[in-house]
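K.L.:
Structure in structure tokens, see below.
The values are calculated or read from the model by the stated rules, or taken from the named source; none is laboratory data. Small disclaimer: the values here were computed from a predicted structure and weren't measured. Backbone-built Cβ (ideal geometry, glycine too); neighbour counts: all protein chains shown.
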Amino acid sequence: MATDGRAATLKWGVKQSFRGYVEASRGTIQAGGGAERTADGEFLFAAAPGPGLRRTASGELEGVARFAGDVRFEAHGGMLQVFLADPAVEAGAGAAVVTVADSPERDSRLVVATLDLAAATTGADGEMVIPTKLSRDGWRLLGDHYAPMTPLDPVRLRLG
């Protein structure tokens, strides 16, 4: 039998070296719309309405957990602009991805990262730490700076 595990928060830094690059080039990183930047530079997104994630009887994640908020990266006088909004963790059939809206209009979504569920760990506080890799669409979104399958910051998922 599956058990419900509504996602309470998603913490994700996207990629530490990308954040560092933007800031070193005197760019800006802004979080808004319900997302906030944490002291360690990552982004914390609160849960949004939706069906949520469930653990199956075998312990696998399935379902969709949606989160609210957006993050904007800008550098080089606007030549580098990246917008990520309303991330979602989508899991099923042994695979999982992070999708985002990639424009302020939020009219389309793309897979920005794949999650390595087999390598996920769960801390004593219940936080799941899941390694991620850049997807092909994520590669385009980040301006071709990193090749597809480049490791990104892990997703930190807390189920309620």
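K.L.:
Would you mention how many residues in the stretch 114-149 are modelled with pLDDT of 95 or more, out of contact with any Pro (no Cβ under 9 Å at 6 or more places or on another chain) and surrounded by 17 or more Cβ atoms within 10 Å (Cβ to Cβ)?
P.N.:
1
K.L.:
For the stretch 100-108, does any single residue satisfy the condition of being buried (at least 16 other Cβ atoms within 10 Å of the Cβ) and either under 16 Å from residue 9 (Cα atoms) or without any contact (Cβ under 8 Å) to a residue 12 or more places away in the chain (or both)? Steps first, answer last, please.
P.N.:
If we filter the stretch 100-108 for residues that are buried (at least 16 other Cβ atoms within 10 Å of the Cβ), which is where we start, we get 100-102.
With either under 16 Å from residue 9 (Cα atoms) or without any contact (Cβ under 8 Å) to a residue 12 or more places away in the chain (or both) added as a condition, the list becomes 100.
Yes, the conditions are met somewhere in the stretch 100-108.
K.L.:
Is it the case, given these coordinates, that residue 153 is out of contact with any His (no Cβ under 9 Å at 6 or more places or on another chain), in a strand (DSSP E or B) and either closer than 21 Å to residue 81 by Cβ or in contact (Cβ under 8 Å) with a residue 60 or more places away in the chain (or both)?
P.N.:
Values: out of contact with any His (no Cβ under 9 Å at 6 or more places or on another chain): yes; in a strand (DSSP E or B): yes; either closer than 21 Å to residue 81 by Cβ or in contact (Cβ under 8 Å) with a residue 60 or more places away in the chain (or both): yes.
For residue 153, the condition - out of contact with any His (no Cβ under 9 Å at 6 or more places or on another chain), in a strand (DSSP E or B) and either closer than 21 Å to residue 81 by Cβ or in contact (Cβ under 8 Å) with a residue 60 or more places away in the chain (or both) - is met.
K.L.:
If you go through the stretch 37-66 one residue at a time, how many are surrounded by 14 or more Cβ atoms within 10 Å (Cβ to Cβ) and either of a type in the set (D, E, K, R) or in contact with a helix residue (DSSP H, G or I) (Cβ under 6 Å, 6 or more places away or on another chain) (or both)?
P.N.:
8
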